[in-house]
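This report refers to the structure that appears directly beneath it.
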Amino acid sequence: MIVPIQHILILAVALFSIGALGFLTRKSAIHMFLSVEIMLNAGNLAFLGFARQLGDLQGQIFTLFTIAIAAAEAAVGLAIFIVLFRRIKTVNVDRANILRW
Amino acid sequence: MVELLILLVKVGVLIGGMLTIVAVMSWVERRGSAMIQDRLGPNRVGPFGLFQPVADGLKFIFKEEIIPSEAHKFYFLLSPLLVFVPALTAFAFIPFGSSLPVLGRDVPLIISDVSVGMLLILGLSGLSVYGLVLAGWASSNKYSFMGGIRSSAQMISYELAMTLSVLTVLMTTGSFRLTEVVSSQQGTLFGFLPNWNVFPQFIGFCVFLVTAFAETNRLPFDLPEAEAELVAGYFTEYSSMKFALFYLGEYAHMITASALIVTLYFGGWQLPYGHPEGMLGGILSLAVFAVKTSFFLWFFVWVRWTLPRFRYDQLMKMGWTLFIPLAFLNFLVVSALLILGVI
Amino acid sequence: MLPVILFYTMAFIALLFSMVVILHKNPVTSAMSLVVLVCSLAVIFFQLDAPFIAAIQIVVYAGAIIVLFLFVIMLLNLRAEVEEPEDRPLQKYLSYISFFAFLVVISGVVRLTTFLPERPMVPDPLRDLAYSLFSTYLFPFEAVTVLLMAAVVGAFILTRKEWS
């Protein structure tokens, strides 16, 4: 393995926390979607790091399914966002507050 | 160290060759279209107008660079690159010859022989969609934007049919490596036909040919850049060298598409009935590859000036309702032939 | 030597552009930075003996998912919106602090863990991946097919104007 497994895991954790940070601090729906994609990619990196470390292909197979699921989720999520956008006319999700008290 | 040097030489030769052929193609297009339309083409600049591309290049360099005030400058300047670079990069995975015994070692005439070459080529043609859609959007112009969206929707739709038709070639070969695709097309079929993939997978070849036209935005699929309909589509606002990059990018895509057609369906760099070894084989393979690719480049030009273009809704309908089912039909037929042991 | 430099370069690019994604105002810049992130991760995946996953990452993520994002951004004409003044600043500060703490804690855990010794990867990961995908993992494969079909139909139905 070219770099120790620790370095790959630290990269994955850093990417994950950056993605989670983006998800929690941004109010624009598009940026929240993109942050979710970063988190998914960080998870894939961790899986592949372990697959390489243990010589086991199960990590790669799970990554394949994660990518497929991310695609499905992006499609449906963006469809929901488009419908919401027609209502609130802005990307700021704080404006979607009709169901609040 | 020597490996690195050989690699750099190969890359340099490939890039230089592609850029030269791109310039020559503009001459071929103009003289070829003139021949088809029964007129002379450019014939003043040098013998048979051969220096016309040089004149064109000089003209493009000296033109004024206009950037619309409302345009998003960074993406406006980035998009021609995003269209041109993937076409050049995709050529890195295509074997343009067998191997040359040079400096005491066998140098394979391919830049990068990764185990997933074909998949990366498909990925790079997906990346070139970005150039189109960003060009259309960054121009801040209604017609450019519509042209960009139409063009990228067309490319995405036809990418599916292309991937499905390539799937059968990869199935019969058993690998994503293009060198193996080429070497699996050795020998003969039924004793007299060369064992090229075009013969057992003819439907797949037709689908791939048509989708290659659609992917490179060439007639009859060039409505997004048609002159009469949308001014010039997504590159309306581009002038001088930026336009030249788009124009040359289209030819670079054409070259990559022709090279792919040759590699996947027509045996690549091989001579039909047995290919010699060694240095002679290497040089011969380069020549054979060049001849086969040139035929398909001429075919692209020929079709452009022969057929009328499709309307956009006809184009999209065909992509989804005709070519994807055809590609699936091809998949069924080839799977049946594989199971029955014919191929 | 060269592969190690390549890995750290790609890791640096990945971290840099992921920060651009979450911090930049313009959604188009964020989406394009995500493309760069995905491609740099694809290079890292190549180096981890997962060539198929790297290629699929480029084809699916960079070539389809983010193009979808870009289409939505452009067709809805989403500009770089002026972010309104934060009316819940506590959430923002807490997020920053907690995720920094998370990063530090997990890095510490990773450093202190003794991992299982490294085993060599199978000589042809592509072939073994293909075989196991169609034998052991056939059911999840088919289930994902159904999931994607459901996503396509769902996205189509959700956005029809007369039904929303």
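The values are calculated or read from the model by the stated rules, or taken from the named source; none is laboratory data. Model, not experiment: these values are computed from the prediction. Cβ atoms come from the backbone with ideal geometry, glycine included; neighbour counts cover every protein chain shown.
Summary of computed values
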| item | result |
| --- | --- |
| Helices (runs of 4 or more DSSP H) enclosed by the range C:51-112 - at least 3 residues per element that are of a type outside the set (A, V, I, L, M, F, W, C) and more than 24 Å from residue A:84 (Cα to Cα) | C:89-112 |
| Candidate set: the range A:13-26, residues that are under 12 Å from the mean Cα position of the chain (by Cα) and either of a type outside the set (Ser, Thr, Tyr) or more than 12 Å from residue C:99 (Cα to Cα) (or both); chosen: the one nearest to the other protein chains (Cβ to nearest Cβ) | A:22 |
| Selection from the range B:102-119 of residues that are among the aliphatic types (A, V, I, L, M), touching a Pro at 6+ places or on another chain (Cβ under 8 Å) and away from chain C (no Cβ under 14 Å) | B:107, B:109, B:110 |
| Selection from the range B:111-158 of residues that are in a helix (DSSP H, G or I) and over 27 Å from residue B:237 (Cα atoms) | B:117, B:118, B:119, B:120, B:121, B:122, B:123 |
| Among the residues listed as C:112, C:94, the single one being over 28 Å from residue A:51 (Cβ atoms) and more than 7 Å from every other protein chain (Cβ to nearest Cβ) | C:94 |
| Among the residues listed as B:169, B:198, the single one being within 25 Å of residue B:340 (Cβ to Cβ) and either outside any helix (DSSP H, G or I) or free of Cβ contacts under 8 Å to residues at least 12 places away in the same chain (or both) | B:198 |
| Residue that is within 23 Å of the chain's Cα centre (by Cα) and closer than 22 Å to residue B:29 by Cβ, where the choices are B:269, B:305, B:320 | B:305 |
| Boolean, residue B:243 is surrounded by fewer than 21 Cβ atoms within 10 Å (Cβ to Cβ) and modelled with pLDDT of 80 or more | yes |
| Answer residue from the range C:9-22, given it is within 15 Å of residue A:10 (Cβ to Cβ) and surrounded by 13 or more Cβ atoms within 10 Å (Cβ to Cβ) and is farthest from the other protein chains (Cβ to nearest Cβ) among those | C:10 |
| Where residue B:17 falls short, out of the listed (1) more than 16 Å from residue B:286 (Cα to Cα); (2) surrounded by fewer than 17 Cβ atoms within 10 Å (Cβ to Cβ); (3) under 18 Å from the mean Cα position of the chain (by Cα) | (1) |
| Extreme residue, surrounded by the fewest Cβ atoms within 10 Å (Cβ to Cβ), among residues of the range A:74-91 that are touching a residue at least 12 places away in the same chain (Cβ under 8 Å) and within 19 Å of the chain's Cα centre (by Cα) | A:77 |
| Conditions (1) surrounded by fewer than 11 Cβ atoms within 10 Å (Cβ to Cβ); (2) charged (D, E, K, R); (3) farther than 27 Å from residue C:40 by Cβ: number failed by residue C:111 | (3) |
| Where residue B:67 falls short, out of the listed (1) touching a Phe, Trp or Tyr at 6+ places or on another chain (Cβ under 9 Å); (2) modelled with pLDDT of 85 or more; (3) not hydroxyl-bearing (Ser, Thr, Tyr) | (2) |
| Breaking point among (1) more than 14 Å from chain B (Cβ to nearest Cβ); (2) in a helix (DSSP H, G or I), for residue C:41 | (1) |
| Sole residue being at pLDDT below 90 and within 30 Å of residue B:100 (Cα to Cα), chosen from B:2, B:9 | B:2 |
| Search result, residues across the range A:1-45 that are surrounded by fewer than 19 Cβ atoms within 10 Å (Cβ to Cβ), touching a residue at least 24 places away in the same chain (Cβ under 8 Å) and of a type outside the set (A, V, I, L, M, F, W, C) | A:27, A:43 |
| Cβ pairs under 6 Å, 6+ apart, first in the range B:65-92 and within 19 Å of residue B:118 (Cβ to Cβ) and of a type in the set (Gly, Ala, Ser), second at pLDDT 85 or above and not in a helix (DSSP H, G or I) | B:92/B:111; B:92/B:112 |
| Which listed residue is surrounded by fewer than 15 Cβ atoms within 10 Å (Cβ to Cβ) and either at pLDDT 90 or above or not aliphatic (A, V, I, L, M) (or both), from C:134, C:69 | C:134 |
| Single residue of C:50, C:62 found to be surrounded by 23 or more Cβ atoms within 10 Å (Cβ to Cβ), closer than 20 Å to residue A:50 by Cβ, touching a residue at least 24 places away in the same chain (Cβ under 8 Å) and out of contact with any strand residue (DSSP E or B) (no Cβ under 9 Å at 6 or more places or on another chain) | C:50 |
| Lone qualifier among C:128, C:124, C:87 - being more than 9 Å from chain A (Cβ to nearest Cβ) and not hydrophobic (A, V, I, L, M, F, W, C) | C:124 |
| Residues within the range B:102-125 that are surrounded by fewer than 24 Cβ atoms within 10 Å (Cβ to Cβ) and touching a Gly at 6+ places or on another chain (Cβ under 6 Å), tallied | 1 |
| Subset tally (residues that are out of contact with any Lys or Arg (no Cβ under 6 Å at 6 or more places or on another chain), facing chain C (nearest Cβ under 8 Å) and of a type in the set (A, V, I, L, M, F, W, C)) for the range A:43-57 | 4 |
